């Protein structure tokens, strides 16, 4: 049901019956390593290209999520997926392997929540019993897509971020055990005129704040109900800016409640500059870490605001600014 | 955003950019310069040592020894790139590894490695000069312009 201008409230509260977080070798040493379902010790996952490796990650995540939900693959009616590779091939090729009717989405790093919101809408509206939402990113494949060759020696500034090699999947079902999807706020594209692709956190922070304030306005709530409000991949730099912006909007959030997946995913000693990024960042943190904490009873209600920078290497070279988006989804246990 | 007028930022955008700028950690320029100075210097010293070897043991002259010296440095750079740790050294050294011939070798090797999965002809062949290409194009072009200027000055009786 639509509430306010851009928020969907799911009356039946669909359940995330199964979720999975899969990571690469670098992620196996990250701060949230205990919350992953599987790691690959090899960045190639036994494949002969990074693109194929990313696909494997996504396949593993989907299979684990389906298995954990205790359903059969044939019972999953629809599959939403998005990634960062051109023409979202990781998603489409994974859909080919899974054989589940598929809708490809692109919201850059906001794809995880975009997929989860759409899957919840299908289940809530009785258009599906089980819908799978997944997303992935691969550090080397993404570097190749957006920046330079992986082995190219370019010095990155401290505002740069490290693309997470990982995939996350969530199976949204009508019935089952697990966190429930309460509502979702779909963001609008915000462009603050930033153009530095090595400072995505600063570009995306206004989009996150815009969606958070829309969420509050539409539902007419303050954010005190939430135990955690986590943005997707703003990193340390973007997170500081988002805090400042929220303050300017008159939204006060306690320090311990407002966090960012890109900021918490890696350990401080890991050389990731400002923090993690990529589709996999918000996905593995939410589907691994946050959902585990909800199941343990540490968190009752959370808001995940996945942020995406909607640029392409071409738009950047043509001197365009970086338009950004953020989608929020509220989960409760 | 195609027309130039739209490129002008609104007051809200300007205000935000100021805020973003204030929160942005600065590149440690002085430290980077010092690191670049020492690594760059180290590579040049290594080059000089190789050159001395060529002159003293392989019968090259001061002038002809430059070519095999560059070749050895290029080989070392390509090898380190292929073994996968050139980029880590470069993150530390910055311009120190980028400016000498090692940096140029790295751009070509890394691009060739990266596109190996797309095949030897269209992948490696088509992409290996992706980063080095502009350097060659504008390097040759500026050399050409400088040569023309030199010729004109000579023709006018200068030099």
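Things to note:
- Taking only alpha carbon atoms, segment A:170-294 gives an Rg to Rh ratio of 0.96, where Rh is the Kirkwood radius.
- Fewest neighbouring Cβ atoms within 10 Å first, the residues B:60, B:138 line up as B:138, B:60.
- Alpha carbon centroid spacing (whole Å) that separates segment B:78-93 from segment A:57-78: 40 Å
- Over the residues of chain A, the helix contribution to mean residue ellipticity at 222 nm works out to -9500 deg cm²/dmol, using -39500 (n - 2.57) for each DSSP H run of at least 4.
- Entry note, segment B:63-105: relative contact order of 45 percent, from Cα contacts under 8 Å with a spacing of 6+ residues.
- Number of partner chain Cβ atoms within 10 Å, mean per residue of B:109-119: 4
- Per-residue mean of foreign Cβ neighbours for A:139-150 is 3 (Cβ atoms of other chains, 10 Å radius).
- Its relative contact order, with pairs defined as Cα atoms under 8 Å and 6+ residues apart, puts chain A at 25 percent.
- Neighbour counts of C-beta atoms inside 10 Å place B:77, A:111, A:136, A:91 in the sequence B:77, A:91, A:111, A:136, starting with the fewest.
- Per-residue ellipticity at 222 nm computed for chain B from its helices equals -23000 deg cm²/dmol, with DSSP H segments shorter than 4 residues left out and the rest contributing -39,500 (n - 2.57).
- Three principal axis lengths of chain A [C-alpha, angstrom, descending]: 51, 49, 35
- Calculated over segment B:22-96: convex hull of Cα atoms, volume per residue (Å³): 95 Å³
- Listed by Cβ neighbour count within 10 Å, with the fewest neighbours leading, A:191, B:87, A:34 appear as A:34, A:191, B:87.
- Computed over segment A:244-333, the ratio Rg/Rh where both radii use C-alpha atoms and Rh is Kirkwood: 1.02
- In units of the rule-of-thumb radius 2.2 N^0.38 Å, segment A:2-173 shows an alpha carbon radius of gyration of 1.06.
- Placing a pseudo-label 7 Å from each Cα along the Cα-to-Cβ vector at residue A:44 and residue B:144 gives an inter-label distance of 4.1 nm.
- Binning the C-alpha pair distances of segment A:93-209 at 10 Å intervals from 0 yields a P(r) profile of 11, 34, 32, 18, 5, 0 %, listed from the shortest bin outward.
- Highest to lowest packing among A:205-216, A:274-285, scored as the average C-beta count within 10 Å: A:274-285, A:205-216
- Coordinate range of the alpha-carbon atoms in chain B per principal axis, descending: 69, 53, 41 Å.
Where a number appears in this text, it was derived from the coordinates with a stated rule and is not lab data. Predicted model only: the values in this text are computed from it and were never measured. Cβ: placed from backbone, ideal geometry, glycine included. Neighbour counts: every protein chain shown.
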